[in-house]
Amino acid sequence: MNGVHDMGGQHGLGPIAPEAGEPVFHAPWEGRVLALTLAVGAWGRWSIDASRHQRELIPGSDYLRMSYYEKWLIGLIELMVKTGLVTRAEIADGRLAVGALRATPPLTKARVAAVLGAGGPANRDVAASRRFAVGDKVRARNINPVGHTRLPRYARGRQGVVERDHGVHVFPDTNAHGLGEQPRRLYGVRFSARSLWGEAAASRDSVHLDLWDDYLERP
Amino acid sequence: MNDRPHSHDHDHGQEPPSDLALRVKALESLLVDKGLVDAAALDAIVETYEHKVGPRNGAKVVVRAWTDPAYRARLLEDATAAIAELGFGGHQGEHMIAVENTPAVHNLVVCTLCSCYPWPVLGLPPVWYKSSPYRSRAAIDPRGVLAEFGLSLGDEVEIRVWDSTAEVRYLVLPERPAGTAGFDEEALAALVSRDAMIGVAKVERGG
């Protein structure tokens with residue numbers, strides 16, 4: 001979707017403000033939101049792609065105003081309601097619905113280190129077409145899907161060169177919407193800064209994106 | 001504009017709980033009551049990212065690459081495996097690539113679409129990395145962004161920006177500063193900043 005989250009190339013969003021000695025969390029609730037997101041994620045009711053898309057669905061004006069973990073909190077609540085883990089009434093009341101059964105958490109303290117250490121690899125050992133080879137000139141397609149995509153607007157319609165074949169990875173555009181992983185080949189593509197931003201860019205500079213087979217075409 | 005709603009110069013410990021803090025507390029209590037999460041597991045996750053997983057991991061990778069040419073070659077060939085040799089990997093670092101800075105090439109990492117970042121080696125990203133100003137300008141104006149961090153690179157240096165659009169995560173292998181031949185691994189690691197491994201700083205020998 002062409003949302004405000006797709007920020008590459010925008011101007012006017014202000015100076016970068018690094019904070020000396022920045023703490024990992026600025027308040028305890030931020031750490032709890034991170035932990036809740038990972039712990040509820042262990043139920044396997046949604047994918048990382050769905051959780052990214054849920055945050056993209058936050059209205060643009062709110063997205064720009066909210067702090068990072070506030071966006072995570074909103075996204076988590078919406079996903080839990082959508083997938084039936086909680087009801088809006090329970091969120092509003094802060095109490096279990098009458099008659100609700102108590103579940104058993106899938107992620108216990110004893111399993112945290114192993115689960116985080118294993119992670120969730122996105123590559124899949126399945127056959128998938130390899131339409132492009134390292135060294136091929138490619139063009140990012142000019143697509144404007146209303147759903148989730150990882151092809152930023154600034155690269156659409158631009159020409160680059162395939163630099164790397166990452167193998168076959170889960171396709172976010174379908175996986176975010178519950179349409180399956182539909183693994184596709186993923187390529188590292190180099191775009192010259194001038195092809196993206198015009199002649200004012202430094203001649204040797206480049207921007208590198210990881211793009212799935214479907215995002216690319218022959219120029 | 002910073003994308004945080006207010007300044008963080010003050011001490012949160014001195015304030016009454018914010019609306020967000022209360023909402024999160026209520027949500028956690030509900031989810032524990034429902035048996036959806038285990039409070040001790042939440043504590044363990046927070047503890048992991050506050051105290052165990054952070055940029056000191058990445059600094060060990062960088063120092064090993066500086067001091068062991070065979071390791072450097074393995075890191076540039078297959079970063080996921082090379083990083084796993086040091087015991088780091090997993091969530092948000094499943095597919096790693098190391099990109100090497102040289103006098104002629106400078107690498108800079110961003111995620112323009114969200115906040116992708118190599119957690120096992122750098123920990124959780126700082127606020128500025130996740131902020132609109134950095135995400136919007138790193139790809140279109142890397143030289144201006146680097147100048148804001150106090151790093152001015154000449155036109156003869158090629159800048160490569162890595163936009164983390166998939167589940168591949170990038171670690172910058174900075175240049176080893178001159179005059180550090182006698183440094184042991186611990187002294188070298190102390191020089192390697194998080195910012196240098198994102199690419200918004202160089203590693204300096206220091207005073």
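Expressed as a rounded percentage, what relative contact order does chain A have, with Cα pairs under 8 Å and six or more residues apart?
Worked out over chain A, it gives 19 percent.
Hey, how many Å between the Cα centroid of segment B:68-110 and the Cα centroid of segment A:196-219?
One Cα centre to the other: 23 Å.
Pairs to check: A:Lys137/B:Lys202; A:Lys109/B:Lys25; B:Lys34/B:Lys130; A:Lys137/B:Lys60. Give those whose C-alpha atoms are more than 28 Å from each other in this structure.
Violating the 28 Å limit, Cα to Cα: A:Lys137/B:Lys202; B:Lys34/B:Lys130; A:Lys137/B:Lys60.
Under a 5 Å amide H to amide H cut-off, with H placed in plane at 1.01 Å, what residues pair with B:Trp162 once short-range neighbours are removed?
When sequence neighbours closer than 5 places are left aside, the close amide H contacts are A:His208, B:Leu108, B:Val109, B:Val110.
Given the peptides B:156-166, A:134-144, arrange them by the average over their residues of other C-beta atoms within 10 Å, most packed first.
Values: B:156-166: 21.7, A:134-144: 14.7.
Packing order, densest peptide first, comes out as B:156-166, A:134-144.
For B:Val203, which sequence-distant residues (separation of 5 or more, or a different chain) have an amide H within less than 5 Å of its own amide H, given hydrogens modelled in the peptide plane?
Answer set, sorted by chain and number: B:Glu175.
With n ≥ 4 as the cut-off for DSSP H runs, can you work out [θ] at 222 nm for chain B, using -39500 (n - 2.57) per run divided by the number of residues, rounded to the nearest 500? Intermediate values should be presented prior to the final figure.
Working: 11 runs with 86 residues, N = 207.
Computed mean residue ellipticity for chain B: -11000 deg cm²/dmol.
Say R0 is 22 Å: what FRET efficiency, to the nearest 0.05, do A:Arg141 and A:His177 get from their beta-carbon distance?
Numbers: r = 19 Å, r/R0 = 0.85.
The formula returns an efficiency of 0.70 here.
Looking only at Cα atoms, what is the convex hull volume of segment B:77-140 per residue, in Å³? Each step should come with its number before you reach the end.
Details: hull volume 7.0 nm³, N = 64.
In segment B:77-140, the Cα convex hull volume per residue is 109 Å³.
Arrange A:Thr104, A:Thr149, B:Thr80 by Cβ neighbour counts within 10 Å, fewest through most, would you? Walk me through the numbers on the way to the answer.
Values: A:Thr104 8, A:Thr149 25, B:Thr80 19.
Ranked by crowding around the Cβ, least crowded first: A:Thr104, B:Thr80, A:Thr149.
Sort B:Glu167, A:Glu181 so that the residue with the fewest other Cβ atoms within 10 Å of its own Cβ comes first and the one with the most comes last.
A:Glu181, B:Glu167
What span do the alpha-carbon atoms of segment B:52-207 cover on each of the three principal axes, reported in whole Å from largest to smallest?
Largest first, segment B:52-207 extends 38, 34, 26 Å along its Cα principal axes.
With r as the distance between the Cβ atoms of A:Asp165 and B:Arg56 and R0 = 30 Å, compute the FRET efficiency 1/(1 + (r/R0)^6) and round to 0.05. Before the final figure, lay out the partial values.
Working: r = 33 Å, r/R0 = 1.09.
The value I calculate is 0.35.
Between B:Ser29 and A:Asp62, what FRET efficiency follows from the Cβ-Cβ distance if R0 is 25 Å, with the result rounded to 0.05?
0.50
Over all directions, what mean area does the Cα convex hull of segment A:123-219 project, stated in square nanometres?
Its Cα hull, projected and averaged over all orientations, spans 6.2 nm².
Please report the orientation-averaged projected area of segment A:15-123, defined via the convex hull of its C-alpha atoms, in nm². Display every interim value, and only then the final one.
Working: hull surface 38.7 nm².
If you wrap the Cα atoms of segment A:15-123 in a convex hull and average its projections, you get 9.7 nm².
Quote the convex hull volume per residue of chain A, based on C-alpha atoms, as a whole number of Å³.
178
Bear in mind these aren't lab numbers, they're just calculated from the coordinates by the rules spelled out. On a predicted model such as this, the values are computed, not experimentally measured, just so you know. Quick reminder, even Gly has a Cβ in these numbers, built from the backbone with ideal geometry, and neighbours come from all protein chains shown.
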